[in-house]
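S.K.: Below: one structure in structure tokens.
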Amino acid sequence: MELLEKNEKLQDNKLGSFEAKIERDDAIEPRDNMPEGYRKHLIRQMSQHAHSEVIGMQPEGNWITRAPSLRAKQILLAKIQDEGGHGLYLYSAAETLGITRDEMIAQLHSGKAKYSNIFNYPALTWADIGAIGWLVDGAAIVNQVSLQRTSYGPYSRAMVRICKEESFHQRQGYEIMAKMMNGTAAQREMAQDAMNRWWWPSLMMFGPHDSESPRSGDAFKWKIKRSTNDELRQKFIDKTVQQAEVIGLKVPDADLRWNEEKKCYDHGPINWEEFHSVINGNGPCNNQRMAHHKKVHAEGAWVREAAEAYRLKEEKLN
Amino acid sequence: MDTQLGKWEVFMQAKPGANYIHAGTIHASDKKMALQNARDTYTRRGEGTSIWVVPTDAIVASNPDDNDMFFDPSNDKTYRLPTFYVMPEGAKAI
């Protein structure tokens, strides 16, 4: 009994030190005490974030062989390589919480872990590559800038590194859109069509409205999240509308209006039915994305096995 | 048996003369692959002039629970700090 009480006291002290650190805005590091819920929440969020970076390479990879110039192809290759790198930063940060990369990939393949819904939409034309860089990466940047202040040290450091690299992604996308809007009537139409298809899914990237967000309580208490979904979405809309106007693109929202009183844009209702339907596997590309990831992972197994066999052989020789 | 290969910690020097700073981790089967993967993952924009890679299980870390006791010896030795000493009035450049 005494031992049990002692143990409980110890646990209380440990949790106390965690809460005190959160209160002081100190970063939590891998070996620090943390509640199990904090660890679980981070593993879910960070692995989903890592998977999104990696799955996000697919819609863009689709255009490498069809890029309209050598310059465009080099840029696209560099951007996709960055996305792979961002996935690696995040997997490595998530591994500090005691989960392996094998386990994370298995969870992706079983459907237990999700990735961002946006990558279940197809990149149909070259203008989509512009829209993905400008809108999708633009939305991701707004979210990731906020996450630079997240309480978990390795996650925060990965976000700082990623944010430094993302602005190139957004600018290259916006440049594609601007060029097309300066081009022929057909090119302008293509750019507007991409805008029409990517605008709403980009707004959905920030997740449900704050009033509908089930897990956000703990995330704010633990300072994993520093801004709400609606705050971030608003920030994205407010800076993107002006960029669209500059190059002559129309935002496909009849209710979009500047609200002088609130000093921000009011927007029309988001189609959450579509959002939930795509999350539940009914998006245009869900099956294709997952099938491709599984196939490439299985096809690469022999390389990893050969590398291990080589290491064992070298170790024996030395 | 398929695995994601061993884990390595990556330390980078941003410019000649600077301290090596931890950048993150990578996976690799041996030293050579570890260096190449570290380069590809952490220096795509000329961020470094030199890289160290160390197998993760070779790192020994202090336990944050023991911080009070572990770092205590330094707290009561203020004579290690330059402000501990009283300098004669008028002395310059010291």
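The values are calculated or read from the model by the stated rules, or taken from the named source; none is laboratory data. The structure displayed is predicted, hence computed values, not measured ones. Neighbour counts run over all protein chains shown; Cβ positions are idealised from the backbone, glycine included. Areas reflect the complete protein model, heavy atoms only, side chains present, ligands, DNA and RNA absent. Shrake-Rupley method; radii C 1.70, N 1.55, O 1.52, S 1.80 Å.
Listed here are the residues, each with its yes/no results for (1) touching a residue at least 24 places away in the same chain (Cβ under 8 Å); (2) among the aliphatic types (A, V, I, L, M).
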| residue | (1), (2) |
| --- | --- |
| A:A185 | no, yes |
| A:M190 | yes, yes |
| A:W198 | yes, no |
| A:F206 | yes, no |
| A:S211 | no, no |
| A:S216 | no, no |
| A:K225 | yes, no |
| A:N229 | no, no |
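S.K.: Another question, if that's okay. Taking the residues in the range A:162-217 that are more than 18 Å from A:Q48 (Cα to Cα) and basic (K, R) as candidates, determine which candidate is surrounded by the most Cβ atoms within 10 Å (Cβ to Cβ).
M.R.: A:R197
S.K.: Within 14 Å of chain B (Cβ to nearest Cβ) and either within 13 Å of the chain's Cα centre (by Cα) or open to solvent by 40 Å² or more (accessible area, probe 1.4 Å) (or both): which single residue out of A:A139, A:A106 fits that description?
M.R.: A:A106
S.K.: Among the listed residues A:K250, A:K235, identify the single one that is open to solvent by 40 Å² or more (accessible area, probe 1.4 Å) and assigned to a helix (DSSP H, G or I).
M.R.: A:K235
S.K.: What are the residues in the range B:34-66 that are under 18 Å from A:E29 (Cβ atoms), surrounded by 11 or more Cβ atoms within 10 Å (Cβ to Cβ) and more than 18 Å from the chain's Cα centre (by Cα), if any?
M.R.: B:D65
S.K.: Pairs, please: C-beta under 7 Å, at least 6 apart or cross-chain, first residue basic (K, R) and in the range A:292-318, second open to solvent by less than 90 Å² (accessible area, probe 1.4 Å)?
M.R.: As it stands, the answer is A:K294/A:H109; A:R304/B:D2; A:R304/B:T3; A:R304/B:L5; A:R311/B:S29; A:R311/B:D30, since those pairs meet every condition given.
S.K.: Scanning the range B:44-75 for residues that are of a type in the set (S, T, Y) and more than 10 Å from every other protein chain (Cβ to nearest Cβ), which turns out nearest to B:A14 (Cα to Cα)? So that I can check it myself, show each step before the final result.
M.R.: At the first step, the residues of the range B:44-75 found to be of a type in the set (S, T, Y) are B:49-50, B:56, B:62, B:74.
Still in the list and also more than 10 Å from every other protein chain (Cβ to nearest Cβ): B:49-50, B:74.
On the way: B:T49: 6, B:S50: 7, B:S74: 30 Å.
By that ranking, first place goes to B:T49.
S.K.: Here's another thing I want to ask about it. Do you know which of the residues in the range A:142-161 that are within 13 Å of another protein chain (Cβ to nearest Cβ) and without any contact (Cβ under 8 Å) to a residue 40 or more places away in the chain is most open to solvent (accessible area, probe 1.4 Å)?
M.R.: Here is the first cut: in the range A:142-161, the ones within 13 Å of another protein chain (Cβ to nearest Cβ) are A:153-161.
Adding the requirement that they be without any contact (Cβ under 8 Å) to a residue 40 or more places away in the chain leaves A:159-160.
Values: A:M159: 0, A:V160: 58 Å².
Once the filter is applied, the top-ranked residue is A:V160.
S.K.: Does the range A:124-138 contain at least one residue that is in a loop (DSSP other than H, G, I, E, B) and in contact with a helix residue (DSSP H, G or I) (Cβ under 9 Å, 6 or more places away or on another chain)?
M.R.: Yes; the residues of the range A:124-138 include at least one that is in a loop (DSSP other than H, G, I, E, B) and in contact with a helix residue (DSSP H, G or I) (Cβ under 9 Å, 6 or more places away or on another chain).
S.K.: Which one is nearest to the other protein chains (Cβ to nearest Cβ), of the residues in the range A:285-318 that are of a type outside the set (G, A, S), open to solvent by 60 Å² or more (accessible area, probe 1.4 Å) and within 19 Å of A:V54 (Cβ to Cβ)?
M.R.: Among residues in the range A:285-318 that are of a type outside the set (G, A, S), open to solvent by 60 Å² or more (accessible area, probe 1.4 Å) and within 19 Å of A:V54 (Cβ to Cβ), the one nearest to the other protein chains (Cβ to nearest Cβ) is A:V303.
S.K.: Then there is this: If you go through the range A:62-74 one residue at a time, do you hit one that is modelled with pLDDT under 95 and either among the small types (G, A, S) or touching a Phe, Trp or Tyr at 6+ places or on another chain (Cβ under 7 Å) (or both)?
M.R.: No, every residue in the range A:62-74 fails to be modelled with pLDDT under 95 and either among the small types (G, A, S) or touching a Phe, Trp or Tyr at 6+ places or on another chain (Cβ under 7 Å) (or both).
S.K.: Only one of these is within 30 Å of A:E29 (Cβ to Cβ) and assigned to a loop (DSSP other than H, G, I, E, B): A:G207, A:G183. Name it.
M.R.: Sole residue among the options that is within 30 Å of A:E29 (Cβ to Cβ) and assigned to a loop (DSSP other than H, G, I, E, B): A:G207.
S.K.: Still on this structure, I have one more. Would you check if there is a residue in the range A:86-96 being more than 14 Å from chain B (Cβ to nearest Cβ) and open to solvent by 10 Å² or more (accessible area, probe 1.4 Å)?
M.R.: There is no residue in the range A:86-96 that is more than 14 Å from chain B (Cβ to nearest Cβ) and open to solvent by 10 Å² or more (accessible area, probe 1.4 Å).
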